[in-house]
Structures are given as C-alpha cells and as structure tokens.
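Take a look at the structure below.
The values are calculated or read from the model by the stated rules, or taken from the named source; none is laboratory data. No experiment lies behind these values; they were computed from the predicted model shown. FYI the Cβ positions are ideal-geometry reconstructions off the backbone, even for glycines, and counts take in every protein chain you see. Areas reflect the complete protein model, heavy atoms only, side chains present, ligands, DNA and RNA absent. Shrake-Rupley method; radii C 1.70, N 1.55, O 1.52, S 1.80 Å.
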Amino acid sequence: MAWTIVSLVLLAGVSPGMAQEAGPSVERETSAAAETIAAKQPYEVLRDIVYAEPNGVKLAADIFQPAGEGPFPGVLMVHGGGWRMGSKRMVSGRAAQLAEQGYCVMAINYRLAPKHKFPAQWDDCVAALAYMVDNADELKIDKHRLGGFGYSAGAHLVTLLGTTTKLKLGQEFEAAEQSAILLKAVVAGGTPTEFRIMPEDSDFLTYWLGGTRREQPQLYEAATPRIYVSKGDAPMFLFHGSEDALVPLMAATALANDLRQVGVPFEFFPIQRAGHILAYVDSAAFKAATEFLDARLKPAE
C-alpha cells in the first residue's frame, strides 16, 4: 500500500498532450480580442527571451506583458512534466489569462532530467526570479509584488521557492535560500510534497535525483517541500483533484496541515471528482487562484 501511494505521488507530470486542454491559444502576439472585453486587458508576448545560460545551456522564457505603463505584479509560471519533459508553451493558456487580468507573467523553460539532475530545475527557477527582479523596470514589473504559479512538477518547484527561507543544506542551495523572500504568493496545483518515504532501493526517481534514496538521502530530503515550511513563508493557494491518481490528495492536505501549524496563510481548494488533468483546467479553481493572487499582489484601490 505504501509503495502504491508513493509511486502515485511521484508521477507528477503534465504531458505535452495536456497543453491542448490547458487554455486558449496564444499563438497571436497580441490579445486583440481582449480589447473588446472590459474585464480583460490587452497584452503582448515577448517570446524566447533568454533569462539564463547555466553551463552554456540557454534557457528561454515567454513574457506576457500587459499594455500600459505599469508597473504590474509579476508571476513566475512553471510547467509540469515530471521534471523531465514539457516546455513553457504548456502553460501559455494560463499565462495569457493572467496577463489579461493585469499580471506580467514569465513562463519559463528549465533544464530537464535525466541530463540535468536536481537541483538544476530549482536553480533555474531562482535564476528566472532574479531575471524578473534585475529587469523589473524594462519588463514593467513591480519587483515587490511577485508570485509563483505552477502545476504538478511545476507546482513542486514554485512550492520550494516559497518555503526555503530557512534552508540549511549546504552551499549548493544558497541561491534558492534567497528566493522565498521575493515571493508574496504561491499558487500550486497537483503538488508533490514528500519524497522521504520513497522505498530506499527504488530506482523510480534515479533519473531525476541521481540514485536511490539509500544512495542519495540528502537529495530526497532536499527535494521535499514539506521540510522547509516555517513561519514567514509565502502564502499559498493549493488546488488538487479529489480523484487524482497521479498525485493523491493527501500530498496537498499534508502540506496544508504543515502551513496551518506554523501560521502561514493558505487556501485549500479540493476539486471534487477531478483527476490530475481536469484539476489543471478547472475554471473555478483558476478563478479562485486569481482572486488569491489579486488579494496579495494587487494594491487596494
């Protein structure tokens, strides 16, 4: 039973095919249709912007920038795919929807396993946040109002970014230690949260963590968001399908309980009768997530 639960928790990816269900197409470079809808805001897309080059690997982002002078609250958007597949285009629909609501959204590619082992993906997210801060004026971003948005493996990464203010695992993780202070809100759906209960000799995650838990115990611990939860972490919106067979609902409820115990503000949004794919495309969950971001990233009128 334990192995079944663990294996489901770790199958945390959204396949490229799911991108077709993820939202409206944004192949267009501007949102002309949004101009005719009062509740939506026109935007443009800055495509394939190189935000970092770790070890010569060029990492690109699409930046969805609302029209107007700004500055706008910024959102780092991170795709899923089990840390080994996918791209920024998988989340372009959701990025477009947030841009229409007045957010400057940076949807990123990051290095993928098995060629690149953890914490490469985490480091790339930190580099993306640094790019948003360093180029805030040019991008019309308010660097004091930054949030993270991810689903599945992407949710795991943004959750790490929101829970690492007390990180004490060695010099290689120092960059990530600084990331949480930048985030004022995190939206995470279908989130894997626990790797310490993986069977010690399972090779299920060796493609990503470089060995079994017996061989790499520190990395299995370092990849677990729950161990970092502490007072002062970014407020979180957790949404999850009640029938998720890839990442069971208990992954989210466990993290929610951790946040509650230390007093970190959070909202928990279970989606009844929804599996892993349907939870991502659930309109009610996205609406609630947007309202959560609005409350924390947009100044009161």
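Starting with the highest mean, order 267-277, 85-95, 249-259 by the number of other Cβ atoms within 10 Å, averaged over the residues of each peptide.
For the peptides 267-277, 85-95, 249-259, the packing ranking is 85-95, 249-259, 267-277.
Could you calculate the contour length gain from Val57 to Glu243, that is, 0.36 nm times the residue separation minus the distance between their Cα atoms, to one decimal place in nm? Show your work: numbers first, answer last.
Working: separation 186, 0.36 × 186 = 66.96 nm, distance 3.79 nm.
Value of the extension gain: 63.2 nm.
Ranking request for peptides 287-299, 116-128: highest mean number of other beta-carbon atoms within 10 Å first, then the rest in descending order.
Peptide ranking by packing, descending: 116-128, 287-299.
Counting only protein heavy atoms and using a 1.4 Å probe, what share of the accessible area of region 243-301 belongs to carbon plus sulfur, as a whole percent?
Roughly 57 percent of what the probe reaches on region 243-301 is carbon or sulfur.
In nm, to one decimal, how far is the modelled label at Asp134 from the one at Phe204, with both set 7 Å along Cα→Cβ?
3.8
Considering only Cα-Cα distances, which of the following residue pairs are longer than 26 Å: Lys58/Lys287; Lys231/Lys298; Lys115/Lys140; Lys40/Lys184?
Violating the 26 Å Cα-Cα cut-off are Lys58/Lys287; Lys115/Lys140.
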